[in-house]
Ligand SMILES: NC(=O)c1ccc[n+]([C@@H]2O[C@H](COP(=O)([O-])OP(=O)(O)OC[C@H]3O[C@@H](n4cnc5c(N)ncnc54)[C@H](O)[C@@H]3O)[C@@H](O)[C@H]2O)c1
């Protein structure tokens, strides 16, 4: 391992989305010497309110597209690191219309790494465990950095493509980059289209939650705060050219998660509706994050899932003005898909 990298000016793409904005809060709180420039297009998933109230001398929002070469070049030239979160991120949307996924996830990544290469800027690429496809429910294996890529949806295949571009830019052009592939996040500021916020906001509205397929799909849940601390750790201590898997040993099936939410609302555990599964729905994801823990000494701190979920439910109860404007349109979209 080399010395610790100490960035002072970082560009965070997608910093008005769920995980990116949680990372911006984390950096402002934990790393007082760092200035953050957020580059975000403010798609339906981006909300400037996610970073509102942060000190203006620490965080600047630039509204723009990561595919805009001129803008990206200008911002990257003035930075010492780029942390790339911006993406089209929702599987169901990628099945309905893959085209924005190709543009943002593939072309957008290409635009950023070209600028980082040109200006010699450190780059961290935030990706997902979904690039590895899925595991069988009865398979004891977990994903490692050596697992072959086998993406299932247009979302995960465009993320996989972007990971490959980064690997190539490291090898062929000497880009100073690291990659992380993380499991499913939960916590505040997550869009109501996603599984946990959808169930919580349905219950707040007195609507029965909806569960896909047979509910046995397993996800490896991590609190978004732990994802942020892991990304910072990799950015500052990771070995150039390496991939690190991020996970917190949080495997649970969707039925168990839904029952935990129902319990928190004091509702019977079968008080929900089954809905049609989505095509190609992955069965199980599970992360082995031993490399990150062993090499860089990272450990998750928020591993009490019930406590993290209770806090997240509380956040949605207290922040209805944040999620309400997106709720109806999201449910209309799901109804059209029979879900
Ligand atoms: N959500 C998860 O559980 C999870 C797990 C592992 C990895 N990831 C990865 O983390 C990243 C962030 O995910 P998220 O759940 O926060 O997504 P999100 O959909 O909540 O946020 C994405 C953000 O990117 C912005 N954006 C989209 N296209 C853009 C463009 N062309 N130019 C500039 N900004 C653009 C959006 O406005 C939004 O603010 C993604 O790269 C995703 O693949 C997510």
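Some observations on this one:
- Working from Cα pairs under 8 Å separated by at least six residues, relative contact order for region 44-177 is 28 percent.
- Segment residue 60-residue 256, length gained on full extension (0.36 nm per residue, minus Cα span): 66.6 nm
- Put in line by how crowded their Cβ is, counting other Cβ atoms within 10 Å and starting with the fewest, 145, 320 read 320, 145.
- Kirkwood Rh (inverse of mean 1/r, distinct Cα pairs), region 278-339, angstrom: 15.8
- Region 167-225: radius of gyration over Cα atoms, expressed as a fraction of 2.2 N^0.38 Å: 1.70
- One quarter of the surface of the convex hull around the alpha-carbon atoms of region 52-144 equals 8.8 nm², the direction-averaged projected area.
- 194, 159 arranged by Cβ crowding within 10 Å, fewest neighbours leading: 194, 159
- Considering only 86, 248, 306, the Gaussian network model of the chain with Cα springs below 10 Å gives its largest mean-square fluctuation to 306.
- Region 47-108 versus region 195-212: alpha-carbon centroid distance in Å: 28
- Spin-label pair residue 339/residue 173, simplified geometry with 7 Å Cα→Cβ offset, distance in nm: 3.5
- Span per principal axis, largest first, for the Cα atoms of region 185-259 (Å): 48, 25, 16
- Among 88, 146, 114, the largest mean-square fluctuation in a Gaussian network model of the chain (Cα springs under 10 Å) belongs to 146.
- Share, in percent, of DSSP beta bridges within the chain that are antiparallel, nearest 5: 10
- Alpha-carbon Rg/Rh ratio, for region 87-191, with Rh computed the Kirkwood way: 0.99
- Packing rank of 326-332, 137-143, 36-42, where each peptide gets the mean count of other beta carbons within 10 Å, highest leading: 36-42, 326-332, 137-143
- Rounded to the nearest 5, the antiparallel percentage of DSSP beta bridges internal to region 144-264 is 35%.
- Debye log10 I(q)/I(0) for region 116-260, one point scatterer per Cα, at q = 0.13, 0.17, 0.21 Å⁻¹: -0.67, -1.04, -1.38
- The ranking of 152, 127 from fewest to most other beta carbons within 10 Å of each one's beta carbon is 152, 127.
- Looking at the chain, the pairs of alpha carbons with a distance over 27 Å make up 42% of the total.
- Alpha-carbon Debye profile of region 198-325, log10 I(q)/I(0) at 0.18, 0.19 Å⁻¹: -1.05, -1.11
- Value at 222 nm in deg cm²/dmol, rounded to 500, when DSSP H runs of n ≥ 4 in the chain each add -39,500 (n - 2.57): -12000 deg cm²/dmol
- Using all pairs of distinct alpha-carbon atoms, the Kirkwood hydrodynamic radius of region 1-122 works out to 14.7 angstrom.
Coordinate-derived values only; no laboratory data. Nothing here was measured: the structure is a model prediction, and the numbers come from that model. Don't worry about glycine lacking a Cβ; one is built from the backbone with ideal geometry, like all the others, and counts go over all protein chains shown.
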